[in-house]
1. For the range 43-58, just list the computed ³J(HN,Hα) in residue order, Karplus coefficients 6.51, -1.76 and 1.60, θ = phi - 60°, integers in Hz, with x standing in for Gly and Pro.
2. What full-extension length gain, to one decimal in nm, is calculated for Leu99 and Phe113 as 0.36 nm per residue of separation minus the Cα-Cα distance?
3. Taking a spot 7 Å from the Cα of Phe42 along the direction of its beta carbon, which residues of the range 81-113 have an amide N less than 13 Å from it?
4. Could you tell me which of Tyr51, Val32, Leu18 has its Cα farthest along the dipole of the chain towards the positive end, charges placed at Cβ (Lys, Arg +1; Asp, Glu -1), taken about the Cα centre?
5. Determine ³J(HN,Hα), in whole Hz, for all residues of the range 24-29 in sequence, where each value follows from phi through the Karplus function 6.51 cos²θ - 1.76 cosθ + 1.60 and θ = phi - 60°; x replaces Gly and Pro.
6. Out of Glu70, Glu96, Glu24, any idea which swings most in a Gaussian network model of the chain, alpha carbons joined below 10 Å?
7. Mind scanning Lys37/Lys102; Lys82/Lys102; Lys40/Lys112; Lys45/Lys82 and naming the pairs with a C-alpha gap bigger than 27 Å?
8. Given points 7 Å out from each Cα along the Cα-Cβ axis, report the Ser10 to Met84 separation in nanometres with one decimal.
Amino acid sequence: VPVDGSHWLSMREVLDILGQRGHEVVVVAPEVIMHIKPSKNFVTKTYSVPYTQDEMEKDFKVFVHSSFEEGLFLERFLNVYKHMKRLGDMALTSCEQLLRNKELMRYLEESKF
């Protein structure tokens, strides 16, 4: 169950190689993602989340932009914290939605994931 972003970019190559060597690789990811794309070397299982691709991308861009704003340290810190918290809340919601997806959880349990 990868975290989308830099963790995924590092993991993708390993999963591709494992798949090429005949291992069964299953990637579990939310439907709204930035970098996780299907591959012939692994199976992707997705689940829905209550936010859109546009919302996630907008929140990420706002976070990145806020990280480089100028101004008083405390104002910048609080602004970055606010946007980081929003992204953290989306990640938490994503995890909650996975655990609430009974069909996917049954598949994972039956396949000894």
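The values are calculated or read from the model by the stated rules, or taken from the named source; none is laboratory data. Note that the structure is a prediction, hence the values are computed from the model and not measured. Cβ: placed from backbone, ideal geometry, glycine included. Neighbour counts: every protein chain shown. Side chains are part of the model used for accessible areas, which takes the heavy atoms of the whole protein and leaves out ligands, DNA and RNA. Shrake-Rupley method; radii C 1.70, N 1.55, O 1.52, S 1.80 Å.
1. Result, rounded to whole Hz: 8, 10, 10, 10, 9, 7, 9, x, 9, 9, 4, 4, 4, 5, 5, 4.
2. Details: separation 14, 0.36 × 14 = 5.04 nm, distance 1.37 nm.
Computed gain between Leu99 and Phe113 is 3.7 nm.
3. Nothing falls inside the zone, counting backbone N under 13 Å.
4. Positive-end residue among those listed: Leu18.
5. Values per residue, Gly and Pro as x: 7, 10, 10, 9, 9, 8 Hz.
6. Glu70
7. Values: Lys37/Lys102 23 Å; Lys82/Lys102 32 Å; Lys40/Lys112 22 Å; Lys45/Lys82 31 Å.
Lys82/Lys102; Lys45/Lys82, as the Cα separations exceed 27 Å there.
8. Here the modelled spin labels are 1.8 nm apart.
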